């Protein structure tokens with residue numbers, strides 16, 4: 001085996017390992033969360049989807065479940081770094097949040113979901129006891 005072939009082969013393997021690592025370490029949907037006044041805001045980058053056909057948003061059991069699909073355009077490609085296919089992201093909602101309180105808009109490839117921000121819960125001290133039995 002020549003040096004150039006070995007070098008090309010190593011490079012190809014390194015590229016593959018890097019690509020597989022990036023696929024498994026990165027979530028398919030990147031989000032940011034923040035509080036704006038009395039509303040909690042979640043923004044998700046979802047370019048290339050049709051919101052009415054490709055996005056499914058549900059509130060169930062105290063979580064916001066975002067499912068969808070980015071459909072691949074059929075073209076002759078020499079390279080792509082865009083991920084296609086189904087995706088899902090599950091985010092915890094503040095206690096008591098109902099589906100009626102959640103609103104969502106899609107503009108310029110960004111899905112924005114808002115709902116009431118949770119009122120801060122007061123801190124309560126919890127006493128800690130030892131595992132020793134009291135003397136008799």
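Of the residues 48, 21, the single one that is loosely packed, with under 15 Cβ neighbours inside 10 Å, at pLDDT below 90 and under 18 Å from residue 108 (Cα atoms) is 48. The numbered conditions (1) under 23 Å from residue 94 (Cα atoms); (2) modelled with pLDDT of 85 or more are all true for residue 27 except (2). For residue 107, work out the one condition from (1) modelled with pLDDT of 90 or more; (2) surrounded by 10 or more Cβ atoms within 10 Å (Cβ to Cβ) it doesn't fulfil. Checking residue 107 against (1) modelled with pLDDT of 90 or more; (2) surrounded by 10 or more Cβ atoms within 10 Å (Cβ to Cβ), the one that fails is (2). Restricted to the stretch 114-136, and to residues there that are within 34 Å of the chain's Cα centre (by Cα), in a loop (DSSP other than H, G, I, E, B) and modelled with pLDDT of 75 or more, the residue that is surrounded by the most Cβ atoms within 10 Å (Cβ to Cβ) is 117. Here the stretch 49-67 is the region considered, the condition is being part of a strand (DSSP E or B) and without any contact (Cβ under 8 Å) to a residue 40 or more places away in the chain, and the residue that is nearest to residue 28 (Cα to Cα) is 67. Per the listing 79, 70, 75, the residue uniquely in contact with a strand residue (DSSP E or B) (Cβ under 8 Å, 6 or more places away or on another chain), free of Cβ contacts under 8 Å to residues at least 60 places away in the same chain and farther than 29 Å from residue 38 by Cβ is 70. Looking only at the stretch 78-96, which residues are at pLDDT 90 or above and either in a loop (DSSP other than H, G, I, E, B) or more than 27 Å from residue 47 (Cα to Cα) (or both)? Hit for the stretch 78-96 is 93, nothing else.
Loosely packed, with under 14 Cβ neighbours inside 10 Å, under 16 Å from residue 29 (Cα atoms) and in contact (Cβ under 8 Å) with a residue 12 or more places away in the chain, is that true of residue 98? Taking the combined requirement at face value, the residue does not satisfy it.
The values are calculated or read from the model by the stated rules, or taken from the named source; none is laboratory data. Please read all numbers here as calculations on a predicted model, not as lab measurements. Methodologically, a virtual Cβ is constructed for each residue, glycine included, from the backbone with ideal geometry; neighbour enumeration extends over all protein chains shown.
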